[in-house]
Amino acid sequence: MVSPADILAAFREVTNVKQIERSELYGLLQDGIMAALAKKYGPNVQAEVEIDDEKGGIKIVLLRTVVDVVEDASKEVSLADARGFDESFEVGDVLEEPIDFAIFGRAAVQAAKQRIIQRVREGERSKIRDEFSTKLGELLSGEVQQIERGKLVVMLNKFREAEAIIPYRDQNHREHFHQGETIRAVLKRVEETPKGPRLILSRGDPLFVKALFKLEVPEIQQGIVEIKASAREVGSRTKIAVFSKDESIDPVGACVGLKGSRVQAVVNELGGERIDIVPWSPDPERFAKLALAPARVARVFSDPATKTIQAVVDEDQLSLAIGRNGQNVRLASELTAWKIDLYSSREWLERGAEGGIFAPLPGDEAADVRLSEIEGMAPATVAILEEGGYKTLNDIIDLEREDFIKLPGITLEDADRLMGIINELTDEGSDGASAGDDKGEAPDAEGAGPTPVKQG
């Protein structure tokens with residue numbers, strides 16, 4: 001015979017393993033007992049269940065409605081049977097019948113236990129979804145629990161019940177981890193499986209580099225500096241393009257840190273992978289020049305119809321612009337989302353003579369970008385400028401502070417902000433910073449000049 005103490009002990013075993021709160025345990029017990037009652041009396045059974053955890057007692061009262069003709073025996077009782085208990089019963093009354101726990105057999109207890117296990121699993125899956133659905137792109141840490149068929153199975157530090165893996169394609173194959181080692185990775189996506197949600201982590205995605213910079217750079221955490229684009233060849237080189245919403249903060253310097261401390265911390269985590277940090281620009285021609293760093297680009301010409309950039313470099317810069325096995329230009333193309341064709345100055349002149357290239361465009365001027373598309377340009381300011389006949393960047397690029405102040409509605413602060421935007425978009429100063437090899441140089445946070453960054 002199964003006693004209340006037996007079923008309570010069985011349920012505690014399940015809930016202790018799953019670390020369930022006491023209040024949640026009561027709900028699960030009641031649900032499990034209702035499953036056992038349904039197995040014995042029928043699916044529509046109605047009952048009241050009271051649990052005395054201290055004394056190990058369970059009080060069960062079966063509730064059945066008194067009717068003339070019984071259609072569902074699990075929740076109804078005939079008037080004649082009800083009056084067998086009490087002559088005062090009438091149709092519509094509810095018969096409360098205490099149930100002796102001894103009527104439950106092992107099968108019923110097992111059914112209750114399975115219901116609880118199912119509820120616990122559903123609760124765990126729901127918690128995992130709620131916990132991680134908003135954490136895509138964030139760093140997670142844990143321990144390598146298992147290595148199977150190339151993938152790493154990770155036990156997370158703060159949510160050990162979650163299934164987390166790093167697939168083979170999301171690993172940096174220059175790294176080698178062993179069972180029991182601590183590991184950090186970025187949450188790439190949450191994947192639904194028949195067993196519940198699975199967390200897909202990555203150390204090979206550009207998201208991992210972004211997450212590391214967010215960890216190291218307070219300005220990125222605060223939303224002042226933003227990584228607008230990134231391109232990566234795992235284990236070899238990464239390029240990121242950064243933008244500052246505050247004109248007083250240099251986004252490249254913020255990411256580099258004092259004497260390269262911030263970028264070097266990222267390089268170390270990536271095992272010495274080289275990182276190029278360049279300013280982002282809404283002008284595709286200027287952005288392409290910056291993205292090809294550390295090479296110096298003489299001129300660029302763009303064809304918006306085909307999203308193609310033709311970049312001209314001096315002879316001594318060509319190999320640097322191309323990079324080892326074409327890596328530099330390939331990453332620059334991915335970073336800008338434009339196809340970039342490189343030419344030496346000699347080849348450019350020869351091809352120009354044959355008429356096989358674009359008509360020359362003013363390569364040192366900004367592309368004609370609408371004011372509304374420029375990052376940091378307030379809509380109210382755009383409206384005032386357009387009313388004054390200024391609709392694109394080229395329309396305002398040669399204006400001075402005094403010209404802006406003459407426009408009705410433009411304040412001194414607005415004029416200063418506009419001049420700052422123009423200076424940012426037309427400044428041909430520093431092309432950015434590189435870190436991760438012996439040749440890379442990174443300016444310090446104070447702008448005091450290049451500081452050699454040793455390989456991590």
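The values are calculated or read from the model by the stated rules, or taken from the named source; none is laboratory data. Here the structure is a predicted model, which means the values were calculated and not measured. All Cβ positions, even for glycine, are placed from backbone atoms using ideal geometry, and neighbour counts span all protein chains on display. These accessible areas exclude ligands, DNA and RNA; they are computed on the full protein's heavy atoms, side chains included. Shrake-Rupley method; radii C 1.70, N 1.55, O 1.52, S 1.80 Å.
Numbers at a glance
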| item | result |
| --- | --- |
| Relative packing of peptides 224-231, 303-310 - highest average C-beta neighbours within 10 Å first | 224-231, 303-310 |
| Simple label model, 7 Å out from Cα along Cβ direction - Lys59 to Ala298, nm | 9.6 |
| Along each principal axis, Cα extent of the range 255-343, largest first, Å | 40, 28, 19 |
| Added length on full extension, which subtracts the Cα-Cα distance from 0.36 nm per residue, Asp416 to Ser126 | 99.3 nm |
| Carbon and sulfur %, accessible surface of the range 146-239 computed with the full protein complex present, 1.4 Å | 47 |
| In Å, descending, principal axis extents of the Cα set of the range 144-276 | 51, 28, 23 |
| Given Lys239/Lys259; Lys39/Lys158; Lys113/Lys195; Lys239/Lys307; Lys59/Lys195, the pairs whose alpha carbons are separated by over 27 Å | Lys39/Lys158; Lys59/Lys195 |
| Pairwise label distance in nanometres, Asp100 with Asn423, each label 7 Å out on the Cα-Cβ vector | 9.3 |
| Rounded to whole Å, sorted largest first: equivalent-ellipsoid semi-axes of the range 294-349, Cα gyration tensor | 17, 15, 8 |
| Nonlocal amide H pairs with Arg189, under 5 Å, H built at 1.01 Å | Ile200 |
| Mean projected area in nm² (Cα convex hull; one quarter of hull surface) for the range 161-209 | 4.0 |
| Cα→Cβ-extended label distance, 7 Å offset, between Leu136 and Ser261, nm | 3.5 |
| Which of Ile51, Ile116 is most accessible, then next, and so on - probe 1.4 Å | Ile51, Ile116 |
| Charge-dipole axis of the range 106-179 as Lys and Arg at +1 and Asp and Glu at -1 on Cβ define it, positive-most pick from Ile166, Ile128, Gln118 | Gln118 |
| Length added when fully stretched, Asp93-Ile249, from 0.36 nm per residue minus Cα-Cα | 48.5 nm |
| With all protein chains modelled, accessible area of Met377 [1.4 Å, Å²] | 20 |
